[in-house]
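Asker: Okay, handing you the structure first.
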């Protein structure tokens, strides 16, 4: 090893650490999700202390003095030092911990740049090193130290992402953490245009009402929304009922009988929830329209495959939907499918998404799927982002006036 190689290893380890920290939410760095109830703040204080320590050892040695501690500490002494670092870091803010650690790292780099090669790479230069290169001590207390805590750091950040609250069908938390390519149509534009002409609208599977709320300025005299998931049902009621929307608890599955009278609605909307087409036909008034955007059952199959699993609804395709419509008297006015990409910039964002959409990876958890996540982290480091295949479809049908 020479000085250029040593600096390259220092900087590579540093780049890896800083990239992960830059992608993490600030509040996640304060959660005690690491072993020993440490947070990332405590870990940064720990890393910085040992970077300062090895620099101080070199300065002591270069003055011809013997450091107070041997190069290899016994477990008791090591635990005592680490406990003291943890206790002291309790009084520091995250900003202070980050700044102090960054300064310690930079001082170590400058030390390496200035130190004679003889000091760094001659194993007999300092008796204190017991036949090891001082460069080894420097690496062990910087880039090597990052690597030692790497799995715990990632697991802690991913656990913090898994704890991030999710409600309704609102993915706004991921706004700067993913890129969701859009299909050539706009369900929102089509729904708004139809709603402006309607007298009675039924929104199937409204979630927390977040999408329906976007049309409140064109609500017709009667608006009804269904939702089957209890938490979303309560949220939808809180949001929509003050606006005069009737919120009904209903499963909205492929076999559900809708709790509404015949020909009650001239518009039925459905964005990403199951539907019983015979029931849709029944509740549609003559001349009424059913507009639905659906997720193809093969959507994100490659993401499921990255976790060695398959999704349960691969049969649910545009052809399947059209075949069910053929069993009714409804007329297909539009049917289109699309493939695009869903791009994750961070594994924590993926963890959040998989927690919210549990059928992508059945029984997903950070602990259970850690090795899969770690493999994806390595891929992310190589590729810069992780892209998976989206599949959507949109169908518009109408009911004859006759």
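The values are calculated or read from the model by the stated rules, or taken from the named source; none is laboratory data. Just so it is clear, the structure is predicted and the values come from calculations on it, not from any experiment. Glycine also receives a Cβ, built like all others from the backbone with ideal geometry; neighbour counts cover every protein chain displayed.
Asker: One residue is enough: does the range 131-150 have a residue meeting the conditions touching a strand residue (DSSP E or B) at 6+ places or on another chain (Cβ under 9 Å) and within 30 Å of residue 375 (Cα to Cα)?
Answerer: Scanning the range 131-150, I find at least one residue that is touching a strand residue (DSSP E or B) at 6+ places or on another chain (Cβ under 9 Å) and within 30 Å of residue 375 (Cα to Cα), so the answer is yes.
Asker: Which condition number does residue 203 fail, the rest of (1) buried (at least 19 other Cβ atoms within 10 Å of the Cβ); (2) without any contact (Cβ under 8 Å) to a residue 24 or more places away in the chain being met?
Answerer: (2)
Asker: Taking strands (runs of 3 or more DSSP E) that fall entirely within the range 244-356, which contain at least 3 residues that are crowded, with 16+ Cβ neighbours inside 10 Å, touching a strand residue (DSSP E or B) at 6+ places or on another chain (Cβ under 8 Å) and at pLDDT 95 or above?
Answerer: 265-271, 284-295, 331-344
Asker: Would you say residue 157 is in a helix (DSSP H, G or I), in contact (Cβ under 8 Å) with a residue 40 or more places away in the chain and in contact with a helix residue (DSSP H, G or I) (Cβ under 6 Å, 6 or more places away or on another chain)?
Answerer: Taking the combined requirement at face value, the residue satisfies it.
Asker: How about the range 357-395: which of its residues are surrounded by fewer than 19 Cβ atoms within 10 Å (Cβ to Cβ), assigned to a strand (DSSP E or B) and over 15 Å from the mean Cα position of the chain (by Cα)?
Answerer: Correct list: 389 only.
Asker: Scan the range 237-253 for residues that are out of contact with any helix residue (DSSP H, G or I) (no Cβ under 8 Å at 6 or more places or on another chain), within 22 Å of residue 274 (Cβ to Cβ) and in contact (Cβ under 8 Å) with a residue 12 or more places away in the chain and report the count.
Answerer: Number satisfying all stated conditions: 6.
Asker: Let me ask something else about it. With the checklist (1) over 29 Å from the mean Cα position of the chain (by Cα); (2) touching a residue at least 40 places away in the same chain (Cβ under 8 Å) in hand, flag the one item residue 319 doesn't pass.
Answerer: Single failed check for residue 319: (2).
Asker: Next up: From the list 65, 113, 51, exactly one residue is exposed (fewer than 13 other Cβ atoms within 10 Å of the Cβ) and not in a loop (DSSP other than H, G, I, E, B). Which is it?
Answerer: Sole residue among the options that is exposed (fewer than 13 other Cβ atoms within 10 Å of the Cβ) and not in a loop (DSSP other than H, G, I, E, B): 113.
Asker: Against the condition modelled with pLDDT of 95 or more and buried (at least 18 other Cβ atoms within 10 Å of the Cβ), how does residue 147 come out, does it pass?
Answerer: no
Asker: So, one more: Does at least one position in the range 182-190 carry a residue that is closer than 30 Å to residue 391 by Cβ and touching a helix residue (DSSP H, G or I) at 6+ places or on another chain (Cβ under 8 Å)?
Answerer: Yes, the range 182-190 has at least one match.
Asker: Tell me which residues, restricted to the range 212-232, are modelled with pLDDT of 95 or more and assigned to a helix (DSSP H, G or I).
Answerer: 212, 213, 216, 217, 218
Asker: Another question, then. What number of residues in the range 71-87 are surrounded by 12 or more Cβ atoms within 10 Å (Cβ to Cβ) and touching a residue at least 40 places away in the same chain (Cβ under 8 Å)?
Answerer: Matching residues across the range 71-87 total 3.
Asker: With the requirement that a residue be touching a strand residue (DSSP E or B) at 6+ places or on another chain (Cβ under 8 Å) and either in a helix (DSSP H, G or I) or farther than 29 Å from residue 335 by Cα (or both), what does the range 175-201 give you?
Answerer: Once the filter is applied, which keeps residues that are touching a strand residue (DSSP E or B) at 6+ places or on another chain (Cβ under 8 Å) and either in a helix (DSSP H, G or I) or farther than 29 Å from residue 335 by Cα (or both), the range 175-201 yields 177, 187, 190, 191, 194, 195.
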